[in-house]
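Q: This is the structure I want to talk about, given as structure tokens.
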Amino acid sequence: MNSNDFINSYINAKIISTMKRIYLDNASTTPIDEKVLSTMLSYLKETAGNPSSLHYEGRLAKGAIERSRTKIAEIIGAKSNEIIFTSGGTESDSLAILGIARANQKNGKHIIVSCIEHKAILNSCKKLEKEGFEITYLDVDNDGLISLEQLKSSIKPATTLVSIMYANNEIGTVQPIKQIAKIIKDSKISAPIFHSDACQAAGSLLIDINKLGVDALTISSSKIYGPKGVGCLYITDKNQIEPITFGGDQENHIRPGTENVEAIVGLAEALSISENKRQAENQRLQKIRDYFLSKILKNINNVSINGGVNNRLPNNINVSIRGVEGESLVLLLDNKGVACSTGSACSSADLSPSHVLMQIGTPLELAHCSVRFTLGRHTQIKDIDDTISILTECVKKIRSMSSIK
Amino acid sequence: MQNNKREFVLVDKKHETSNVVSLSFKPIGGLNYNFTPGQYVNVKPASIFEHGKSYTISSIPTDELVTLTIKKVSNVSLAMIDTPIGSTMVFDGPYGSFYPDKTMNDVIMLAGGIGITPFFSVIRNIAESGINTKITIIYSNKTKKDIIFFNSLAKLTSDNPNLKVISCLTQEKTTDPVINESRRIDKTMIGKYTPHLSEVDYYICGSIGFVGDMWRTLKLMHIEEDKIFTEAFY
Amino acid sequence: MNKKNDQNYSVDGENWIYSERVRDHFFYPKNILYDESDYVADGIGAVGSPECGDVMHVWIKIDRKTNRIKECKWRTFGCASAIASASMMSVMATENGGMDLKTAQNLKPQQIVERLGGLPDRKFHCSVLGHKALSNAVLDYLKHAK
């Protein structure tokens with residue numbers, strides 16, 4: 001593709017994007033916050049140094065990283081040296097699972113995770129299984145919650161790591177992290193490290209590591225109105241972790257590579273803004289979400305809710321609309337200006353339906369009909385009213401040509 | 001929708017190559033399982049959530065057991081291959097019409113890897129009553145070790161002068177006389193082994209990519225679309 | 001690791017996720033049968049299941065004089081590629097005076113994919129639905145025509 005083709009397709013895209021867009025896929029990624037963007041830009045304009053260099057330009061870059069690190073550490077109640085910068089949530093999760101398991105294997109080779117973790121956790125576990133580790137996948141109930149009893153009885157002397165996601169990206173289920181931490185801490189059988197994937201939780205839920213009782217935590221910038229391609233892993237400085245990539249000595253050798261300075265600056269700013277807005281946003285979003293859900297149930301029949309109504313992120317709706325396949329609905333909605341996502345098999349690269357929906361017991365045919373709306377900072381009530389009328393129209397169109405009546 | 005379900009019990013497993021396993025099943029209830037060679041069944045191993053898959057039957061109706069020859073590609077095929085002997089499974093089928101009709105023209109079968117399965121069943125079946133028309137199978141694999149049913153195919157060709165099997169390898173160069181070609185199937189190769197292109201029916205079976213490539217190749221050779229029959233495995 | 005043809009995006013990727021023809025047949029599908037209660041079909045074919053995430057029903061009418069398909073209607077539960085495949089299949093079955101029955105039984109997924117301007121490999125099975133549903137409808141007609 002030459003630069004003319006690139007420009008032409010960008011112009012075409014702009015034409016389409018001039019229609020009113022209602023973005024309800026914030027769990028996939030969030031638009032960048034204006035303040036975050038301006039902070040990153042002003043940083044970018046000022047310096048171009050490599051943070052590992054000895055000279056002034058390098059020191060400016062290094063200073064920006066360290067100030068960001070301190071800012072993030074303060075927000076979550078950690079020490080600066082306990083924050084490792086990565087390329088995002090997936091890398092932080094992989095680093096947590098592989099790095100912690102391998103570094104502590106002299107104490108045992110048993111890991112406990114929930115069966116609805118993000119693929120970054122689950123596929124890292126699959127890799128560990130090939131290395132001779134034993135993994136226990138905790139079941140979840142129809143609401144998506146793990147059983148604390150099952151967790152307790154799964155801990156054995158060889159258990160070195162427990163990883164349970166704070167809030168689930170598909171159905172929004174919030175696990176009782178404090179209670180989980182207590183069970184782990186009180187265990188006389190073993191002293192595993194407790195990691196939690198907080199990619200969806202940050203910005204909505206408390207992420208003070210002391211109050212939560214976690215030993216490690218993953219945060220992703222792209223979910224909190226920061227730039228894509230950056231995240232961090234918190235891990236207490238008394239715990240061992242090994243690198244999963246190799247190179248120089250950045251991030252204490254745990255995550256070498258020239259740092260994405262401007263993105264790190266953006267992550268810190270984004271987390272700070274999210275934390276400040278958290279309480280007010282939660283209340284606002286919950287009201288809008290509940291209004292949206294009641295309208296869906298009122299206007300469209302044969303709709304079921306996926307996941308529990310309580311213990312759920314305030315911005316998350318995940319429903320199955322009978323007879324309406326997920327990908328076809330998402331594409332029709334997109335054509336009318338609404339962005340959302342689906343757990344249908346047809347929309348995934350490997351043609352398997354959402355593992356989360358499968359684990360909470362959603363019947364296959366309803367999994368194919370699932371659609372997820374995740375509200376965000378820019379979502380207003382008017383957007384919901386517009387979405388409801390568009391959604392009703394699209395459902396009617398698909399149902400009229402559906403083989404399932 | 002049809003509801004042709006029958007229960008079977010897994011009685012035998014055979015490793016055909018390093019990643020292909022033949023599973024042989026006995027129908028429960030005594031009666032033989034009726035199917036036409038080239039047909040497939042839908043099965044779902046117990047250990048998976050999602051919907052099962054379709055597998056072509058590689059045995060023939062007069063065999064005592066019904067065999068599915070499966071390549072390890074997905075979690076479904078892995079679950080199938082890991083099914084313990086003695087387990088029961090429900091077959092939904094048989095379905096499909098991927099077989100030469102009774103008024104047989106000469107036939108060219110283009111097979112890629114696991115795509116040999118329907119052809120194996122078809123030629124064994126025809127061989128029972130004698131192969132009267134010319135059947136040429138051009139069978140493509142990566143290496144010699146990947147050739148499925150190698151010995152059985154060799155025996156069938158030595159017993160049936162009307163049957164020819166051309167073996168080609170795409171990732172191994174060899175002077176082994178049993179291998180005929182060391183490259184992908186192309187129009188030159190098809191032309192070389194099928195000098196009488198008219199009055200021939202073409203059957204293609206293999207992966208989506210293989211079937212697509214062969215389809216486009218035959219069209220480049222101006223073969224009529226009505227004379228081409230395809231079955232892609234996915 | 002095998003690299004499959006899973007390319008969704010053309011140069012115009014920002015505008016749509018599949019080919020232009022898939023787009024056309026998805027947003028403006030042809031030959032849908034909205035209500036079959038008054039429709040007298042000569043043959044009905046069904047394929048797929050709700051658990052699969054794909055179901056296709058096809059109703060055909062045959063011109064007894066020419067023995068060709070004169071009408072081909074459908075409904076589908078499935079993704080954009082499934083809907084587009086059904087729509088394109090129905091167009092192919094009825095264009096140019098309609099397909100003869102032998103050709104209809106042998107309508108290949110590759111032919112549907114070609115007319116749609118291509119589908120990613122992971123959507124190939126949608127074109128197979130179109131082929132099987134039509135083939136089943138023709139078989140149904142032949143079974144009852146005897």
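The values are calculated or read from the model by the stated rules, or taken from the named source; none is laboratory data. Quick caveat, the model's predicted, so the values are computed rather than measured. Cβ coordinates were reconstructed from backbone atoms using ideal geometry, including for glycine residues, and neighbour counts include every protein chain displayed.
Q: Quick one: count up the residues across the range A:383-405 that are within 11 Å of another protein chain (Cβ to nearest Cβ), out of contact with any helix residue (DSSP H, G or I) (no Cβ under 6 Å at 6 or more places or on another chain), part of a helix (DSSP H, G or I) and in contact (Cβ under 8 Å) with a residue 12 or more places away in the chain.
A: Matching residues across the range A:383-405 total 2.
Q: Just to be sure before I move on: is B:Arg184 at pLDDT 95 or above, part of a helix (DSSP H, G or I), farther than 23 Å from B:Tyr40 by Cβ and of a type in the set (D, E, K, R) in the structure I sent? Walk me through how you get there before you give the answer.
A: Working: at pLDDT 95 or above: yes; part of a helix (DSSP H, G or I): no; farther than 23 Å from B:Tyr40 by Cβ: yes; of a type in the set (D, E, K, R): yes.
In short, no.
Q: Another question, then. Go over the candidates A:Leu41, A:Leu37 one by one and state the one that is surrounded by fewer than 18 Cβ atoms within 10 Å (Cβ to Cβ), away from every other protein chain (no Cβ under 11 Å), at pLDDT below 95 and in a helix (DSSP H, G or I). Working first, answer last.
A: Numbers: A:Leu37 fails: at pLDDT below 95.
After ruling out the rest, the residue left standing is A:Leu41.
Q: Considering only residues that are in contact (Cβ under 8 Å) with a residue 40 or more places away in the chain, among the small types (Gly, Ala, Ser) and more than 7 Å from chain C (Cβ to nearest Cβ), which ones fall in the range A:317-362? Spell out the reasoning first.
A: Step one: list which residues in the range A:317-362 are in contact (Cβ under 8 Å) with a residue 40 or more places away in the chain, which gives A:317-326, A:328-330, A:332-333, A:336-341, A:343, A:354-357, A:359-362.
Subset that is among the small types (Gly, Ala, Ser): A:320, A:323, A:326, A:328, A:337, A:339, A:341, A:343, A:354, A:361.
A:Ser320, A:Gly326, A:Gly337, A:Ala339, A:Ser341, A:Gly343, A:Ser354, A:Gly361 - these are the residues of the range A:317-362 that are in contact (Cβ under 8 Å) with a residue 40 or more places away in the chain, among the small types (Gly, Ala, Ser) and more than 7 Å from chain C (Cβ to nearest Cβ).
Q: Here are A:Val319, A:Val309, A:Val324, A:Val265: which of them is crowded, with 18+ Cβ neighbours inside 10 Å and either over 24 Å from the mean Cα position of the chain (by Cα) or part of a loop (DSSP other than H, G, I, E, B) (or both)?
A: A:Val324
Q: Please determine, by comparing only the residues of the range A:177-200 that are without any contact (Cβ under 8 Å) to a residue 40 or more places away in the chain and part of a loop (DSSP other than H, G, I, E, B), which one is surrounded by the fewest Cβ atoms within 10 Å (Cβ to Cβ).
A: That would be A:Lys188.
Q: Something else: Could you list, in sequence order, all residues of the range C:33-54 that are buried (at least 16 other Cβ atoms within 10 Å of the Cβ) and among the aliphatic types (A, V, I, L, M)?
A: C:Leu33, C:Ala41, C:Ile44, C:Ala46, C:Val47 - these are the residues of the range C:33-54 that are buried (at least 16 other Cβ atoms within 10 Å of the Cβ) and among the aliphatic types (A, V, I, L, M).
Q: Could you please give the count of residues in the range A:50-73 that are crowded, with 19+ Cβ neighbours inside 10 Å and assigned to a loop (DSSP other than H, G, I, E, B)?
A: 1
Q: When the range A:191-214 is examined, which residues are found to be more than 18 Å from the chain's Cα centre (by Cα) and of a type outside the set (A, V, I, L, M, F, W, C)?
A: Those that are more than 18 Å from the chain's Cα centre (by Cα) and of a type outside the set (A, V, I, L, M, F, W, C): A:Pro192, A:Asn210, A:Lys211, A:Gly213.
Q: Pick from A:Gly307, A:Gly337, A:Gly361, A:Gly323: which is at positive phi and in contact with a Phe, Trp or Tyr (Cβ under 7 Å, 6 or more places away or on another chain)?
A: Selected residue: A:Gly323, the only one of A:Gly307, A:Gly337, A:Gly361, A:Gly323 that is at positive phi and in contact with a Phe, Trp or Tyr (Cβ under 7 Å, 6 or more places away or on another chain).
Q: How many of the residues in the range B:202-216 are touching a residue at least 24 places away in the same chain (Cβ under 8 Å) and surrounded by 20 or more Cβ atoms within 10 Å (Cβ to Cβ)?
A: Total meeting the criteria: 10.
Q: Of (1) at positive phi; (2) buried (at least 22 other Cβ atoms within 10 Å of the Cβ), A:Thr173 satisfies all except one. Which?
A: Answer for A:Thr173: the failing condition is (1).
Q: Residues of the range C:32-52 being facing chain A (nearest Cβ under 10 Å) and either of a type in the set (A, V, I, L, M) or within 13 Å of the chain's Cα centre (by Cα) (or both), which ones?
A: Across the range C:32-52, the qualifying residues are C:Ile32, C:Leu33, C:Ala46, C:Val47, C:Gly48.
Q: For the subset of the range C:22-31 comprising residues that are assigned to a helix (DSSP H, G or I) and surrounded by fewer than 19 Cβ atoms within 10 Å (Cβ to Cβ), which member is farthest from the other protein chains (Cβ to nearest Cβ)?
A: The first filter runs over the range C:22-31 and keeps only residues assigned to a helix (DSSP H, G or I), leaving C:22-27.
This time we only want the ones that are surrounded by fewer than 19 Cβ atoms within 10 Å (Cβ to Cβ), so: C:24, C:27.
Numbers: C:Asp24: 12, C:Phe27: 7 Å.
Once the filter is applied, the top-ranked residue is C:Asp24.
Q: List the pairs whose first member sits in the range A:247-268 and is farther than 16 Å from A:Ala61 by Cα and touching a residue at least 24 places away in the same chain (Cβ under 8 Å), whose second member is surrounded by 20 or more Cβ atoms within 10 Å (Cβ to Cβ) and among the hydroxyl-bearing types (Ser, Thr, Tyr), and whose Cβ atoms are under 6 Å apart, counting only residues at least 6 apart or on separate chains?
A: Correct list of pairs: A:Arg255/A:Thr86.
Q: Please state which of the following conditions B:Asn34 fails to meet, knowing it meets all the rest: (1) of a type outside the set (Ser, Thr, Tyr); (2) surrounded by 15 or more Cβ atoms within 10 Å (Cβ to Cβ); (3) closer than 21 Å to B:Ile126 by Cβ.
A: Going through (1) of a type outside the set (Ser, Thr, Tyr); (2) surrounded by 15 or more Cβ atoms within 10 Å (Cβ to Cβ); (3) closer than 21 Å to B:Ile126 by Cβ one by one, B:Asn34 breaks only (2).
Q: Could I ask something else about it? Return the residues of the range A:327-382 that are surrounded by 21 or more Cβ atoms within 10 Å (Cβ to Cβ), part of a loop (DSSP other than H, G, I, E, B), among the polar types (S, T, N, Q) and out of contact with any helix residue (DSSP H, G or I) (no Cβ under 8 Å at 6 or more places or on another chain); say none if nothing qualifies.
A: Result: A:Thr362, single match.
Q: Also, I was wondering about something else. Output the number of the condition that B:Thr117 fails; it satisfies all remaining conditions of (1) more than 18 Å from the chain's Cα centre (by Cα); (2) surrounded by 23 or more Cβ atoms within 10 Å (Cβ to Cβ).
A: (1)
Q: May I ask you to say which residue of A:Ile193, A:Ile254, A:Ile235 is under 19 Å from A:Ala268 (Cα atoms) and at pLDDT 95 or above?
A: When all the criteria are applied, what remains is A:Ile235.
Q: Whether any residue in the range C:13-30 is at pLDDT 95 or above and either hydroxyl-bearing (Ser, Thr, Tyr) or farther than 25 Å from A:Cys369 by Cα (or both) is what I want to check.
A: yes
Q: Return the total of residues in the range C:94-105 being modelled with pLDDT under 95 and either assigned to a loop (DSSP other than H, G, I, E, B) or more than 8 Å from chain B (Cβ to nearest Cβ) (or both).
A: 0
Q: Being out of contact with any helix residue (DSSP H, G or I) (no Cβ under 6 Å at 6 or more places or on another chain), crowded, with 23+ Cβ neighbours inside 10 Å and part of a helix (DSSP H, G or I) narrows it down to one of A:Ala101, A:Ala96, so name that one. I'd like the intermediate steps shown before the answer.
A: Numbers: A:Ala101 fails: out of contact with any helix residue (DSSP H, G or I) (no Cβ under 6 Å at 6 or more places or on another chain).
One residue alone meets the criteria, A:Ala96.
Q: Now for a separate question. Residue check: is B:Lys145 touching a residue at least 60 places away in the same chain (Cβ under 8 Å), surrounded by fewer than 17 Cβ atoms within 10 Å (Cβ to Cβ) and outside any strand (DSSP E or B)?
A: Yes: the conditions hold for B:Lys145.
Q: Could you tell me which numbered condition B:Leu65 fails, if it satisfies all but one of (1) among the aliphatic types (A, V, I, L, M); (2) surrounded by 19 or more Cβ atoms within 10 Å (Cβ to Cβ); (3) under 24 Å from B:Ile126 (Cβ atoms)?
A: Here B:Leu65 meets the rest and fails (2).
Q: Could you count how many residues in the range C:53-93 are over 27 Å from B:Lys53 (Cβ atoms) and outside any helix (DSSP H, G or I)?
A: 15
Q: Where in the range B:75-141 are there strands (runs of 3 or more DSSP E), lying fully within it, with 2 or more residues that are in contact with a Pro (Cβ under 9 Å, 6 or more places away or on another chain)?
A: Per the criteria, B:88-95, B:106-112.
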